[in-house]
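Read-outs throughout are calculated quantities, based only on the coordinates presented, and are distinct from any laboratory measurement. The shown structure was predicted, so the numbers you read here are calculated from the model rather than taken from an experiment. Positions of Cβ are generated from backbone atoms using ideal geometry, with glycine treated the same way; all protein chains shown enter the neighbour counts.
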Amino acid sequence: MMTLQGKTAVITGSNSGIGLGIARELARAGADVVLNSFTDRTEDHELAAQIASEFGGKARYSTADMSDAEACRGLIEAAGHCDILVNNAGIQHVAPVETFPVDAWNAILAINLSSAFHTTAVALR
């Protein structure tokens, strides 16, 4: 089994679904994990505490709006150190192209594409 002791992993969009599954597996392998979503609920922080308790490492929750470039960059900076970055955050909207809302298109590009650019730019340092 792979060991990630001493590594810090930041997983965007990780308070549910695939992102949460990835965060749990990285924690199981020994990584300290930073969970992320755009919400800042008690349950989000409790989820991180549960992962820390279950796997014996460090886990914390950090809110960031992945459609905002500065928030993306701030997420990585707040982690303090990032050995592993999983750009998992994403949204979708379904509509015929001729009626597809411009605001929805811009949000999809910001979260699904630009957020990966901004987080990676800081993590590579």
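Quick notes
- The residues packed around Gly74, meaning those with a beta-carbon under 11 Å from its beta-carbon, carry a net charge of -3 if Lys and Arg are +1 and Asp and Glu are -1.
- Database remark: amide H of Ser37 closer than 5 angstrom to the amide H of Gly13, Ser14, Ser62, Ala64 (H placed geometrically; neighbours at sequence offset of 5 or more, or on other chains; Pro and chain starts carry no H).
- Working note: 222 nm ellipticity from helices only, DSSP H runs with n ≥ 4, each -39,500 (n - 2.57), summed and divided by the residues of the chain, gives -13000 deg cm²/dmol to the nearest 500.
- Per-residue Karplus couplings for the range 62-76, computed as 6.51 cos²θ - 1.76 cosθ + 1.60 with θ equal to phi - 60°, are listed in order as 9, 7, 7, 7, 6, 8, 10, 4, 5, 5, 4, 5, x, 4, 5 Hz, Gly and Pro entered as x.
- With only the Cα atoms considered, the range 8-123 has a convex hull volume of 92 Å³ per residue.
- The alpha carbon centroids of the range 6-24 and the range 59-125 are separated by 14 Å.
- Rough spin-label spacing in nm, given labels placed 7 Å along Cα→Cβ, for Ala107 and Gln50: 2.6 nm
- Residues whose placed amide H lies under 5 Å from that of Asn88, excluding near-sequence neighbours: Thr12
- A simple charge model with +1 on the Cβ of Lys and Arg, -1 on the Cβ of Asp and Glu and nothing else charged puts the dipole of the chain at about 460 debye relative to its Cα centre.
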